Amino acid sequence: MNVVAKSVIISNNPIQKKMNKVIGIAIAGTIAYGIIKLLKMQQVSDSTTLSLVNPRLHQISLNGISFRTEVSINNTSKDSVTITKPVVFVSSGGKPIAQSNAENKLIVIQPLNQTKIDTIELQIGWPIMASLGSSLISKIPTLVSIFRSGNLNNIASQLGIPIEMSFTTYVNGLYYKSEVKKIIG
């Protein structure tokens, strides 16, 4: 009972009441500033366009299949945009089969500017590809000969496995996931 009486006495203290008001105003101001900052980040992020550029089958070898792509960022806002280096995913029928390494690398895109991220390459071994289609192992020699001939148009039909590519990144601290883009099938 002693404790309750002391807390009531302290809360009736005029200095304590003024401090509570000051702390309340400071907290409200901080929350308002945070909301305004978040809305501005969202607005800049919404005016930034990110897309895969030329996702492609790069190489077929006895080690597996290699895919390459670049990521383009178009900043149409009046503020600079900071993104993390994108992580690229290769999937088949929505099932992930490979991804690039995540890096804590920040890229700043100046206002009204476009930037293309360096080429990102993903290697997928034949054991992983074979798990996607049981008849694929018998097609490896044909695929390698088609690739060596330079006629890549027939590879998609020979594989018979859908391959898609997408990426994720953070734009001004907000998570972004691209649409899935079909490469094969």
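The values are calculated or read from the model by the stated rules, or taken from the named source; none is laboratory data. Treat the numbers as computed from the prediction; the structure is a model and nothing was measured. As a convention, Cβ positions derive from the backbone with ideal geometry for all residues, glycine included, and neighbour counts pool all protein chains shown. Note: areas computed on protein heavy atoms with side chains; ligands, DNA, RNA excluded. Shrake-Rupley method; radii C 1.70, N 1.55, O 1.52, S 1.80 Å.
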- line: The number of residues in region 20-78 that are open to solvent by 60 Å² or more (accessible area, probe 1.4 Å), in contact with a helix residue (DSSP H, G or I) (Cβ under 8 Å, 6 or more places away or on another chain) and modelled with pLDDT of 80 or more is 2
Looking only at region 159-185, and only at residues there that are over 18 Å from residue 71 (Cβ atoms) and surrounded by 15 or more Cβ atoms within 10 Å (Cβ to Cβ), the one that is modelled with the lowest pLDDT: 159
- prompt: Considering region 100-133 alone, what residues qualify as being small (Gly, Ala, Ser) and closer than 17 Å to residue 65 by Cβ?
  reply: 100, 125, 130, 131, 133
- line: Those residues of region 96-107 which are open to solvent by less than 80 Å² (accessible area, probe 1.4 Å) and in a strand (DSSP E or B) amount to 97, 98, 107
